[in-house]
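Worksheet: the structure to be examined is printed underneath.
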Amino acid sequence: MTALCGGGTSSAAPGFGLSVSVGTSVIAGALNNVPTPLAIALAGVLGVMNFELNTYCTTDPPAMPVFTAQDYVDALNTFDTVANIAAINKFRDALGNLFWPTFCKCDSVATPAPPSLPAPPSNLPVVNPPQLTPAPPTTPTSARRTEPRTATTCGTVAFTRCPSWRRGRDLQQVRSFRHVRASSFYDTIKPPRSSVNPG
């Protein structure tokens with residue numbers, strides 16, 4: 001018998017198997033009345049919740065607990081094992097109460113709507129407060145130092161710094177330039193020919 005169903009019977013809702021596993025993303029979404037960083041942190045410590053519907057749905061859900069700020073602190077404090085386990089079980093009871101109308105149904109009367117989680121305390125712990133977040137180290141924009149480079153023009157001789165597509169053309173210019181220089185030099189040292197026939 002289920003008091004939530006007016007003393008009647010209850011069973012698993014259609015569409016579900018013998019058991020349901022609720023992951024951390026669903027748990028974090030269910031804790032939507034607390035700040036998002038805190039909801040994600042709580043979902044991480046609560047872990048995956050498994051519900052055996054053949055036992056979970058045949059009786060009343062756990063009673064909805066009343067939370068204090070210390071419950072949130074204890075749930076996140078893994079150094080105090082006793083307080084940590086007690087706080088985690090308290091949150092699991094709250095989620096068990098919250099999920100019951102989704103996974104279960106009343107057989108003879110209308111199933112109640114899912115409840116709302118109790119309002120969180122006003123003095124909740126802050127997860128990763130800004131004043132505790134370390135500032136990023138100040139490093140140069142690049143660890144690789146680039147030496148300053150002066151602008152170079154692509155001349156007819158120094159073609160090694162020019163784009164590769166210009167190398168062939170520059171090489172031809174160099175050869176032509178050398179040919180002109182050689183011809184000029186030859187004309188300079190060559191004695192003039194006489195126009196008079198010595199015979």
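Brief remarks on what is shown
- All positions within the range 69-87 that are exposed (fewer than 14 other Cβ atoms within 10 Å of the Cβ) and assigned to a loop (DSSP other than H, G, I, E, B): Thr78, Phe79, Asp80
- In the range 42-71, the residues that are on the phi > 0 side of the Ramachandran plot form Cβ pairs under 7 Å with partners that are of a type in the set (S, T, N, Q) and in a helix (DSSP H, G or I), at six or more places apart or across chains, as follows: Gly47/Thr24.
- Of all residues in the range 32-70, exactly one satisfies the criterion of being more than 13 Å from Phe103 (Cβ to Cβ) and of a type in the set (Asp, Glu), namely Asp60.
- Residue match in the range 39-46 (condition: surrounded by 14 or more Cβ atoms within 10 Å (Cβ to Cβ) and in a loop (DSSP other than H, G, I, E, B)): no
- Test: Thr2 is in contact (Cβ under 8 Å) with a residue 12 or more places away in the chain, surrounded by 14 or more Cβ atoms within 10 Å (Cβ to Cβ) and either touching a strand residue (DSSP E or B) at 6+ places or on another chain (Cβ under 7 Å) or farther than 23 Å from Pro112 by Cα (or both): yes
- Pairing each residue of the range 8-21 that is in the same structural domain as Thr102 (by TED's automatic domain parsing) and in contact (Cβ under 8 Å) with a residue 12 or more places away in the chain with any residue that is assigned to a loop (DSSP other than H, G, I, E, B) and among the acidic types (Asp, Glu), provided the two are 6+ apart or on different chains, yields C-beta distances under 7 Å for Gly8/Asp107; Thr9/Asp107; Ser10/Asp107; Ser11/Asp107.
The values are calculated or read from the model by the stated rules, or taken from the named source; none is laboratory data. Computed from a predicted structure; not experimentally measured. Positions of Cβ are backbone-derived with ideal geometry, glycine not excepted, and every protein chain shown enters the neighbour counts.
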